[in-house]
Amino acid sequence: MIRHLHEESNEFVLDTDNTTYAFRVTKSGHPEHLYYGKRINIFTADDLIAFTQKREFEPGNVIVYSPEHRTTILEDMCLEMSSGGHGDIREPFVEIVHADGSRSSDFLYSDYEITQEKPEFKTLPGSYSEHGNVEHLCVTLVDDKLTLKLHYYVYPECDVITRSAELINNGVETVEIERLLSLQLDLPDSGYAFTSFHGAWAREMNKSTVVLNVGKFVNESRAGCSSSRANPFFMLHSHETTEDSGACYGFNLIYSGNHYSVVEVNAFGKTRVVSGINPQGFRVLLESGESFEAPEAVMTYSADGFTGQSINMHKFVREHIVRGEWRDKARPVLLNSWEACYFDISEGGLVSLAKSAKNLGIELFVMDDGWFGERNDDGSSLGDWDANLKKLPGGLKRLGEKITSLGLQFGIWVEPEMVNVQSKLYEQHPDWVMQIPGKLHSEGRNQRILDFANPEVTDYIIKKMSEVFSSADISYVKWDMNRIFSDVYSPYLPAKRQGETAHRYICGLYHVMDELTKRFPHILFEGCASGGNRFDLGILCYFPQIWGSDNTDAISRLTIQEGYSYGYPLSCVGAHVAASPNHQTLRRTTLKTRFGVAAFGALGYECDLRDLKSEEKLKIIGQINVYKKWRDVFQSGQFYRIKSGNTYEWLYVSKDKKRAVGLLVQKLVKPNTQYERFVAKGLDPDMRYRFYVIPERVDIKQFGSLVNTLAPIHVKQDSFVHNVIARAVKMSGEMEEYNATGDLLMSAGVALKQAFSGTGFNDNVRVFGDFASRMYFIEAIE
């Protein structure tokens, strides 16, 4: 609910189900932030006086705003937005170079409007509400001939407020925008912990926390995309906040380009948070009558720790970011050809691989890179989106028919934003590429970036991809983007507008994705950018899932997927069961662990199923059957982080709280550690549940030469005799089955059967070595 408390003093209160956001307009005309936190009762404007900053005299060595407002000290105020020039020397919200070269701006309150709608952006994606359950507050500020509109959108059931800004030039002279951010939140105190998520290729989303008492911390991308270096999602919280308790703010940006988030503590102990488009290299010419819109920023607050914040963000992303028929539709279990074939593909080989997939219960077969042009490695043919008829004699159409005739859906890989110099497209249109004429261009992965700031280029890509997607019965598209930006320059734009190139590229990309997803609503699109190099809310507005990382190693994926889970539902994170040893780390892990970790994302397989042993194929059949039975819980349940470190414990709970599935993974064995407890979250405390594990046989080879303590003859490890015994003798694994209330499972938990510790083994002992895992199931007893 949005309330305007008083027409003269102009106080605004924005309430969600559990939070309150309040600000007022000062006598000087500045919007002053008052409060953001747990919901409080504010009935009248007088209620706000208690926590409004008081001042009778200005402090020393500061700037006084004006002779009429001597106690308006912008540097020592909490503001809804800030511009440079009148004394606020913190990170500004907006920076403008006026026609006379001056840089001071003074946006003051003019008007407001409250509506019950969420209008679409002109050039950018944004949040939405299917049922109109969103309120909109627009506060208009004016500085001479410039108008700045601050937009606030309230999603009460998610405890989310989103913000954006729009600058309009009502004058006759052109101005330059050097910065227009999306969100500013000023808090009256300091000492907050700032948690952000950093990494690189194959090691995305590493959680990092710093406590800020003075100075500033910058979380940004200058890579041209949201980047694996620094995800745009971050949190601000008390240093005492835990998973389940304590104050926690969460922030994100619906944008896929260069982003910029700063937390700054000033000389007066106030904390400022800003977030939006990165001002580095950004410059927009705003001519008379033109407007510029900043992307939408997302913020939430929870008093229930990191978990409470994540629940809010997950609900918001699922209901107000992801859209289309795949938002609520069950995602198919897929097999991707990449790690089985790389570029070495053929129609016969792909069909053979697909047959193996079908026999194991897989539902979607995806042909990855290598199917077009002369694409035998990553050095050529990007841009030439016609099938290689030597590899696929019947083109995409015949291959698609052969795949679908097996009872599988058919998917393909594309990288539409890129081009190789060794391609027909580059030869015909070198002016369509982002490169500086006459100068060296530094490449990434042997490829260059098409100039999506040029409408002719985006129109061509829409046309060409439409031809590709309609040339066969295609149900899935993996949309890749395998390099960051360099030598950013648009041959299409004039010199004075080169500062708009990076942003115009992103707007062009959104135009392409918007058009193609509308033309092909039945296709499940999965975003990818060398893994998680463009994992953000902007992409999720068009593609309901994104490949989380090119690293398919299950143990690495624990950190990566848990990192994503703080701000994104894991149903949006592509995750695959790959080969062992893993292709990125050479680590060996069990099929059980690889499945368990991947099942907690959008499940797929990525290995050569034809090479598997019969026993492994039977295990995969069993895994997929289990996944399909519990798919609704994995894909639409609420995710909980329970434990991390050497041991990870995750849990999904269904919406009705009647079913839950948990995962326990151990990285390395700690000797003589028998005890482990599985604790649930999110259940109905009064409901009675059955907690159980699906028992499996234990491979005797796991015990190595210990077999000789029982064998009547000496057995050499990995010998013929050892292998015969291992095939013939399968020992029973531990059985866990208990009935208990949700209250018990969440408070006391389940003390699991003891782990093997070198002192004995029977079927009540849990064999739990390095990289071991268990999946536990919880079902309500009707």
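Some points to look at:
- Verdict on Tyr568 being surrounded by 23 or more Cβ atoms within 10 Å (Cβ to Cβ) and not in a helix (DSSP H, G or I): yes
- Contact map, region 230-249: residues that are over 24 Å from Pro188 (Cβ atoms) paired with residues that are among the hydrophobic types (A, V, I, L, M, F, W, C) and part of a strand (DSSP E or B), Cβ distance under 6 Å, separation 6+ or inter-chain. Pairs shown: Asn231/Phe197; Pro232/Leu253.
- Candidate set: region 392-413, residues that are surrounded by 15 or more Cβ atoms within 10 Å (Cβ to Cβ) and touching an Asp or Glu at 6+ places or on another chain (Cβ under 7 Å); chosen: the one nearest to Ile462 (Cα to Cα): Trp413
Residue by residue, here is whether (1) open to solvent by less than 40 Å² (accessible area, probe 1.4 Å); (2) more than 35 Å from the chain's Cα centre (by Cα) holds:
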{"site": "Met1", "(1), (2)": "no, no"}
{"site": "Asn10", "(1), (2)": "yes, yes"}
{"site": "Pro31", "(1), (2)": "yes, no"}
{"site": "Asp46", "(1), (2)": "no, yes"}
{"site": "Lys54", "(1), (2)": "no, yes"}
{"site": "Val62", "(1), (2)": "yes, yes"}
{"site": "Ile73", "(1), (2)": "yes, yes"}
{"site": "Ile89", "(1), (2)": "no, no"}
{"site": "Pro92", "(1), (2)": "yes, no"}
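- In the set Ser466, Ser471, Ser442, only one residue is outside any helix (DSSP H, G or I) and touching a helix residue (DSSP H, G or I) at 6+ places or on another chain (Cβ under 7 Å); that residue is Ser471.
- Each residue in region 572-582 was checked for being surrounded by fewer than 24 Cβ atoms within 10 Å (Cβ to Cβ) and assigned to a helix (DSSP H, G or I), and 0 of them qualify.
- Every residue from region 656-678 that is assigned to a loop (DSSP other than H, G, I, E, B) and either at pLDDT below 95 or surrounded by fewer than 16 Cβ atoms within 10 Å (Cβ to Cβ) (or both): Asp656, Lys667, Leu668, Lys670, Pro671, Asn672, Thr673, Gln674, Tyr675
- Screening Glu204, Glu178 for residues that are open to solvent by 40 Å² or more (accessible area, probe 1.4 Å) and assigned to a strand (DSSP E or B) leaves exactly one candidate, Glu178.
- Lone qualifier among Val477, Val457, Val421 - being in a loop (DSSP other than H, G, I, E, B), within 26 Å of Ser530 (Cβ to Cβ), among the aliphatic types (A, V, I, L, M) and modelled with pLDDT of 95 or more: Val421
- Residues satisfying the stated conditions in region 679-735, i.e. assigned to a loop (DSSP other than H, G, I, E, B), of a type in the set (A, V, I, L, M, F, W, C) and open to solvent by less than 70 Å² (accessible area, probe 1.4 Å): Val679, Ala680, Leu683, Met687, Ala711, Val715, Val729
- Where strands (runs of 3 or more DSSP E) sit wholly within region 272-350, those with at least 2 residues that are open to solvent by less than 40 Å² (accessible area, probe 1.4 Å) and over 30 Å from Ser238 (Cα atoms) occupy 284-286, 291-293, 334-336.
- Among the residues of region 716-754, just one is among the basic types (Lys, Arg) and closer than 19 Å to Leu664 by Cα, namely Lys753.
- Ser549 falls short on exactly one of the conditions (1) more than 23 Å from the chain's Cα centre (by Cα); (2) among the hydroxyl-bearing types (Ser, Thr, Tyr); (3) surrounded by 24 or more Cβ atoms within 10 Å (Cβ to Cβ), and that condition is (1).
- Scan of region 236-258 for residues that are in a strand (DSSP E or B) and among the small types (Gly, Ala, Ser), ordered by number: Gly246, Gly250
The values are calculated or read from the model by the stated rules, or taken from the named source; none is laboratory data. This is a predicted model, so every value here is computed, not measured. A quick note on method: Cβ atoms are made from the backbone with ideal geometry, for glycine too, and the neighbour counts reach across all protein chains shown. Accessible surface areas use protein heavy atoms only, side chains included; no ligands, DNA or RNA. Shrake-Rupley method; radii C 1.70, N 1.55, O 1.52, S 1.80 Å.
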